Every structure is written in structure tokens, then in C-alpha cells.
Amino acid sequence: MADRRLQVFHAVAKHLSFTRAADALFMTQPAVTFQIKQLEEQYSTRLFERRHGSIALTPAGELVLSYAERILALSDEMETRLSEMTGEMRGPLLVGASTTIAEFMLPRILGEFNALYPRVRARLIVANSESIEGRVAELTLDVGLIEAPAKLPGLECQVCCEDELQVICVPDYPLAEVEQATPAVLAEYEYISREPGSGTREISDAYFRQHGVPPEELKTQMELGSPEALKGVVSTGLGFAIVSRAVAEKEIQLGELVALPLDPPLKRKLYLVHPKDRFQSRLSSTFIEFARSRLREMSY
């Protein structure tokens, strides 16, 4: 097990923020500050320069970071390989997922995986696709499931399944009566959108743009940070939203919302992303294959 102070230092150095490092490590900010102070006292040098509202690595900090990355990677590899020598799948599994996948697809997958491997301790981090990709690149997550292709260097990105997006609105909203939900038709109605950085937002904007409707010309009423929030606002009759088919299945069955297929159809790929050059444990690779298989089954 690597020195906890080194783990804390690595998180602060990657985020260049005590607050964001504390969030990533599930610690309080004072505890993070204390660990860094101890490390600086141990080496009798400052590792960070404190500036107006920000921090930066000192030359000594840059040197410590280069060694910390190698030490932490070797420590993780050692622990994983030692546990695998027993022949038993166990240990922590840090999974990140975009909100749509985390809320409507992943719970069943994690439950089934835990039933197969009860000594695995999965921890799920939920954020939009952009944030999850960033955390995988920072090596604070083992694997991420996102709604758009990864853009950051050093990541392996694999298609795991296909997902169809559809329009949802309340049954008495005027759009519910149209025969074809084309981009031009949708531009005439009030739109409830996901926030920038969301995979759903990215692909929806590209879809409108591709079919001659600039996203900035849509009658956007709100930008919201989760599918549940979208459904909540749409259910008031304020407008329509574009969501994954999995998001509103229950509400559609109950008659609270109606679904309209987009014309032309809008389908997207969902992606599994993990560090490219880092040692991949048997636990991580087993989960990746399991998740890919189950997501493909669920998409049919």
C-alpha cells in the first residue's frame, strides 16, 4: 500500500485544487491540507505555490509528482496481482458513468456483477460524460462508461452498445399530435435541454446542426443536469426533451409521458473508456467484458 500522503499529493497535483482533490478522495479539505503539510515537512520543501485563488507545483513538486505516479501505479499493480494469486476476484472497483447510464442501465449490471463476485467492492461515481472521461484520464477511476467518444490522450475507448434517443413530452402537449418529429418541426416547440458537457447534449446538438437547425435557434427554455430533472420539467408541460429510450420507459408505460421517434432516427454509441498504458487488473478487464456484454443485451 502506497503512503496515503503520496496519494493525497497526487490528487492535489492533478486537480491543482485542494477542494476538488478532497471531493475525489472523499476527504475533508482540512484533512487534505494536513496531509500535504506533513509531506512538505518530511522533505523540508514546499511542493505547491499558493497564489491568489489558485495553486501551482514548485520544481520540487514536479519532481515528486513524477515519482508519485510511478510509485502509485506499481503499488496498485502489486496489490492486484497479489490478490489474483489467490484465484479469487476481490478488491475495489472504481467505476464512473454518465448520468443516463448510471441511473438507468448500470445498477442492474453492478448488482449482477456483485452476485458473481461478492468480494468485489464497486464504487460508482456519477457525472456527465466529460467529467467521467477526465477522471479516468487522471487515473482516479478504473473504468468509465460515457455517451460520446473520448477525446483526451492516453485513453482506450471501446464501443459497448448502441442507444436510441427519442422525444418525450406530456400527452396533451401540442407536439404529441405531430406525425413526424423532424428537426424542423421540433424547432417550433419549447425545448428542455441537457447541460453542456453532457453526451446527450453533444449528440443532440450535432443532430440538429446536421439537419439544418442551428442549436442556438431552438426555443431552449432550460438546461438541466440529469435525465430525472428533464423528466420532471417535461411532466409539467413546459416543453419537450430528447432522452435515451431507457430513461422514460416507466412513465411511458404509465401514460404520464409519450415518446415520439425522431425522424430521421437518432442513434448513438455508448463507450467504455479506461487508461491505455496502465496495467489493467483481471478485475477491471473482467468487469469491462461483463458490462459490454450486458449493455449489448439490454440495448436490443
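The values are calculated or read from the model by the stated rules, or taken from the named source; none is laboratory data. The structure presented is a predicted model; accordingly, all values stated were derived computationally and were not measured. When we count neighbours, we look across all protein chains shown, and the Cβ atoms used for this are built from the backbone with ideal geometry, even at glycine.
Those residues that are closer than 30 Å to Gly199 by Cα and at pLDDT 85 or above, I need them from segment 67-94; list them, please. Result: Leu93, Leu94. Evaluate segment 85-107: report whether one residue or more is within 30 Å of Arg268 (Cα to Cα), out of contact with any Cys (no Cβ under 7 Å at 6 or more places or on another chain) and surrounded by fewer than 18 Cβ atoms within 10 Å (Cβ to Cβ). Looking for residues that are within 30 Å of Arg268 (Cα to Cα), out of contact with any Cys (no Cβ under 7 Å at 6 or more places or on another chain) and surrounded by fewer than 18 Cβ atoms within 10 Å (Cβ to Cβ), one finds at least one in segment 85-107, hence yes. Among the residues of segment 244-285, the one identified as farther than 30 Å from Val234 by Cα and of a type in the set (Val, Ile, Thr) is Val273. Among residues of segment 10-26 that are part of a helix (DSSP H, G or I), those with a Cβ under 6 angstrom from a residue that is charged (D, E, K, R), sequence gap 6+ or separate chain, pair up as Lys14/Glu138. Within the set Thr58, Thr28, Thr33, the sole residue that is polar (S, T, N, Q) and loosely packed, with under 14 Cβ neighbours inside 10 Å turns out to be Thr28. Condition check for Arg123 on (1) touching a residue at least 40 places away in the same chain (Cβ under 8 Å); (2) among the charged types (D, E, K, R); (3) not assigned by TED's automatic domain parsing to the domain that holds His15: one failure, at (1). For Ala97, are the conditions met, namely being outside the structural domain of Leu145 (by TED's automatic domain parsing), of a type in the set (Gly, Ala, Ser), at pLDDT 80 or above and within 19 Å of Ile125 (Cα to Cα)? Answer is no for this residue.
Considering only residues in segment 165-188 that are in contact with a Phe, Trp or Tyr (Cβ under 6 Å, 6 or more places away or on another chain) and over 18 Å from Arg268 (Cα atoms), the one that is surrounded by the most Cβ atoms within 10 Å (Cβ to Cβ) turns out to be Cys169.
Going through segment 280-300 one residue at a time, which ones are among the hydrophobic types (A, V, I, L, M, F, W, C), touching a strand residue (DSSP E or B) at 6+ places or on another chain (Cβ under 9 Å) and more than 17 Å from Ile146 (Cβ to Cβ)? The one that is among the hydrophobic types (A, V, I, L, M, F, W, C), touching a strand residue (DSSP E or B) at 6+ places or on another chain (Cβ under 9 Å) and more than 17 Å from Ile146 (Cβ to Cβ): Leu283.
Within segment 203-249, if we keep just the residues that are aliphatic (A, V, I, L, M) and within 15 Å of Pro183 (Cβ to Cβ), the residue that is surrounded by the most Cβ atoms within 10 Å (Cβ to Cβ) turns out to be Ala241. Please determine, by comparing only the residues of segment 168-194 that are β-branched (Val, Ile, Thr) and in contact (Cβ under 8 Å) with a residue 40 or more places away in the chain, which one is nearest to Val233 (Cα to Cα). This residue is Ile192.
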